[in-house]
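Here's the structure, in C-alpha cells; my notes come after.
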Amino acid sequence: MIAIIDYDAGNIRSVEKALQFLGQEAVVTREKDVILEAEKVILPGVGAFGDAMGKLHQYRLEEVIYKVVENNTPFLGICLGLQLLFDRSDESPGVDGLGILKGEILRIPEYPGLKIPHIGWNSLTFPNQGRLFTGILEDSYVYFVHSYYLKAEDESIVTAAAEYGTCIHASVEKDNVFACQFHPEKSSETGLQILKNFVEL
C-alpha cells in the first residue's frame with residue numbers, strides 16, 4: 001500500500017488516480033499509523049511553502065515524515081513536496097522547511113521571453129544517475145507548474161535538471177528519499193514510468 005500524505009494541499013487526488021491507473025493501492029491519509037505501515041509514502045502538493053509547513057505542524061505530520069525517512073521507507077516528494085524537504089524558501093522568509101535535504105528554494109529569476117510561474121512542458125537532463133529515471137531517455141519532457149525552484153547544496157543528489165532562465169534542480173535522490181519539482185502524474189507516459197519506477201523500488 002502507498003500512503004499519500006494529506007495536509008490540505010492542492011493536487012493530491014491526481015497522484016492517487018495515477019497510482020490507481022498503475023494498479024496500485026493508494027490511500028490519502030494523515031493517520032500516523034497508516035503512513036508508518038505503508039510500503040511507500042508520497043508527499044505531493046501545490047500551494048505556498050509557509051502555509052504548507054504550518055499544516056504539517058498543525059497535523060503533526062513532520063514527526064511522521066522524519067520517522068518514515070528514518071525507517072528507510074521509500075519517500076517521494078512532488079512539486080511543493082520537494083520544496084518542503086529542504087531548509088528554506090524565498091516564498092516564506094523565516095519559515096523553516098523540514099531540512100531532510102540541504103538546499104534552498106529560490107524564486108525563478110526574470111528572464112526575457114519567459115513567464116513566471118513556469119507552467120508547461122520542459123525537457124530534462126540527467127546530471128547524475130537516478131533510479132526514478134530507469135528506462136527514460138534524457139531530453140524527455142515533463143510538466144511543471146511553479147514559481148520557485150530548488151538549488152540543492154550537494155549537486156551529487158541532483159538526478160534531473162531543467163533550464164528555464166536558470167538551472168532548475170528538477171529531481172533529487174538520496175538514499176530512500178526522492179523528489180521531483182515537476183508533476184509525474186501530469187507528465188503522460190514519461191511521468192507514469194517515473195511513478196512505476198518508484199513503486200517498484
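The values are calculated or read from the model by the stated rules, or taken from the named source; none is laboratory data. Note that the structure is predicted; figures quoted are calculated from it, not measured. Because the Cβ atoms are built from the backbone with ideal geometry, glycine has one as well, and the counts that use them run over all protein chains shown. All accessible areas refer to the heavy atoms of the entire protein, side chains included, with ligands and DNA or RNA removed. Shrake-Rupley method; radii C 1.70, N 1.55, O 1.52, S 1.80 Å.
Counting alpha carbon pairs within less than 8 Å and at least 6 residues apart, what relative contact order, in whole percent, applies to the range 108-184? All intermediate terms of the calculation are to be shown ahead of the outcome.
Numbers: 137 pairs, mean separation 24.9, N = 77.
Here the relative contact order equals 32 percent.
Of K115, K40, K32, the residue with the greatest mean-square motion in the GNM of the chain, using alpha carbon springs below 10 Å, is K115.
Rounded, prolate or oblate: which fits the range 17-154, taking a ≥ b ≥ c as square roots of the Cα gyration tensor eigenvalues, rounded meaning a/c under 1.5, else prolate when a/b beats b/c? Oblate, because a/c is 1.5 or more while a/b does not exceed b/c. Taking Q24, Q83, Q58 as the candidate residues, the one with maximal mean-square fluctuation in a Gaussian network model of the chain, Cα springs under 10 Å, is Q58.
Backbone N atoms of the range 117-156 closer than 12 Å to the 7 Å Cα→Cβ label point of L106 belong to residues 149-153.
Per-residue ellipticity at 222 nm from helix content only, as computed over the chain with -39500 (n - 2.57) for each DSSP H run of at least four residues, stands at -7500 deg cm²/dmol.
Taking a 23 Å limit on the Cα-Cα distance, which of the listed pairs K55/K186; K17/K196; K40/K186; K40/K151 fall beyond it? If you can, show how the numbers build up before the last one.
Values: K55/K186 25 Å; K17/K196 13 Å; K40/K186 20 Å; K40/K151 26 Å.
Check vs 23 Å cut-off fails for K55/K186; K40/K151.
The calculated Kirkwood hydrodynamic radius for the range 3-49 is 10.9 Å, given to one decimal from all distinct C-alpha pairs.
Send over a whole-number figure in Å² for the accessible area per residue of the range 90-186, probe 1.4 Å. Mind dumping the intermediate values first?
Working: 4650 Å² over 97 residues.
For the range 90-186, the per-residue accessible area is 48 Å².
With the contact rule set at Cα under 8 Å and sequence spacing of 6 or more, what percent relative contact order holds for the range 1-92? This gives 33 percent for the range 1-92. Carbon-plus-sulfur accessible fraction, the chain (probe radius 1.4 Å, protein heavy atoms only): 46%.
Sorting check: for 44-55, 125-136, which peptide has the highest mean count of neighbouring beta carbons within 10 Å, and how do the rest follow? Intermediate values should be presented prior to the final figure.
Details: 44-55: 19.3, 125-136: 15.8.
Per-residue Cβ counts within 10 Å, averaged per peptide and sorted highest first, yield 44-55, 125-136.
Where nothing but the Cβ of Lys and Arg (+1) and of Asp and Glu (-1) is charged, how large is the charge dipole of the chain around its Cα centre, in debye to the nearest 20? Show your work: numbers first, answer last.
Numbers: 17 positive and 29 negative charges, 63 e Å.
With only Lys, Arg, Asp and Glu charged at Cβ, the dipole is about 300 debye.
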